[in-house]
């Protein structure tokens, strides 16, 4: 079936370093790939998305890379800060559809 | 604020009881979603409402689960004869667009504990 999975359940980085969170997906028909951030006790918060016809998209301190050849998605966070500590989910969906499929999540720890 | 509002934030119930969870989406958002998140897990899609169209209930895990959306706004998720495996955080999200490009606006969830 369709699935979105993550390579690592936890990631620990030093404050100021760059973070890379990886994700593998299985559905080649997805139109959008999305990253969400979830802090403890809160609902997920949209970070950035990328269309399937793009390879890279940049936001504020974040970059999403999409490699459709190997069905791989990554989120890069520059100069990681303590406030970046959270669980990060990748997700995918289809334009014209509705079901956003979420992966299991990666917990990011930022060490001061 | 004008975000997605969910109530109750916490609910403890006994096995076999019925529970109702409420979601008040962002005003003007036509799409409304319910997800379930078990401890340490990802989000499991439950149901989706879009405008006046029939909801897609394909994610509901059993016939004990049902949801309504009245007047295209507030939604209620009902779980009948609750079981311990129903314990989870139930998240509601809304979106302003019928074509979901990915940006869902989530509430803070209703944590359900079934004893």
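Descriptive notes on the structure:
- Taking A:29, A:86, A:78 as the candidate residues, the one with maximal mean-square fluctuation in a Gaussian network model of chain A, Cα springs under 10 Å, is A:29.
- Neighbour counting of Cβ atoms within 10 Å sorts the residues B:79, A:47, fewest neighbours leading, into A:47, B:79.
- Shielding score for A:103-112, defined as the mean number of other chain Cβ atoms within 10 Å: 1
- Peptide A:43-50 is shielded by partner chain Cβ atoms: per residue, an average of 5 of them sit within 10 Å of its Cβ.
- For B:19-27, mean number of other protein chain Cβ atoms within 10 Å: 0
- Using every pair of distinct Cα positions in chain B, the Kirkwood expression returns a hydrodynamic radius of 14.1 angstrom.
- Antiparallel DSSP beta bridges within chain A, percent to nearest 5: 90
- Quick note on chain A: its Rg to Rh ratio, both from C-alpha atoms and Rh being the Kirkwood radius, is 0.95.
- The protein assembly as shown - share of DSSP beta bridges that are antiparallel (%, nearest 5): 90
- Sorted by Cβ density within 10 Å, fewest first, the residues A:111, A:68: A:111, A:68
Any read-out appearing in this document is the output of simple, stated calculations on the displayed coordinates, not a laboratory observation. Since the structure is predicted, the reported quantities are computational estimates derived from the model, not experimental observations. So basically every Cβ, Gly included, is an ideal-geometry build from the backbone, and we count neighbours across all protein chains shown.
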